[in-house]
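Okay, structure first, notes after.
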Amino acid sequence: MAARRRGSANVAVVLGVLLLCTLVAEAAVFNVGDRGGWSFNTNSWPTGKHFKAGDVLVFKYDATAHDVAVSAAGYKACAKPANGAKVYKSGADRVILARGTNYFICSIPGHCQSGMKIAVTAA
């Protein structure tokens, strides 16, 4: 009886790993701003693209001049997000999309107002 339960548990683990591999394999990778990277006037970049939860956005930019802040409030106000918001500063950041709308801005003063903001909705 114990061997049967162990076998069922092994099958469940294998199926879980296969499912996870399938989900990861299906994730698409998008370079934000395409060849121009994360820069001014990228706010329309998501238009016409289809995103899924688990897809990866790659933000390429000059780390001495920009950053990537993840914040709905920052996006809506076009202002530096409150403490606790995730801020990336490497110049080559990879962000995995969550289901729903994901908001990104450059938190350097004036940059969001100059189009360094995107809202990406992932199905």
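How about segment 92-108: which of its residues are part of a strand (DSSP E or B) and among the hydrophobic types (A, V, I, L, M, F, W, C)? Listed by number, the residues that qualify are Ala92, Val95, Ile96, Phe104, Ile105. The set of residues from segment 27-63 being of a type in the set (Ser, Thr, Tyr) and either within 14 Å of Ala123 (Cα to Cα) or open to solvent by less than 20 Å² (accessible area, probe 1.4 Å) (or both) comprises just one member, Thr42.
Residues are listed down the side, and each one gets a yes or a no for (1) open to solvent by 20 Å² or more (accessible area, probe 1.4 Å); (2) hydrophobic (A, V, I, L, M, F, W, C); (3) in a strand (DSSP E or B); (4) at pLDDT 95 or above:
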| site | (1), (2), (3), (4) |
| --- | --- |
| Ala65 | yes, yes, no, yes |
| Asn83 | yes, no, no, no |
| Ser90 | yes, no, no, yes |
| Gly110 | yes, no, no, yes |
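There is at least one residue in segment 53-76 that is in contact with a Leu (Cβ under 8 Å, 6 or more places away or on another chain) and at positive phi.
The values are calculated or read from the model by the stated rules, or taken from the named source; none is laboratory data. Keep in mind that this is a model prediction, so the values were computed, not measured. All Cβ positions, glycine included, derive from the backbone under ideal geometry; neighbour counts span all protein chains shown. SASA here: full protein model, heavy atoms, side chains in, ligands and nucleic acids out. Shrake-Rupley method; radii C 1.70, N 1.55, O 1.52, S 1.80 Å.
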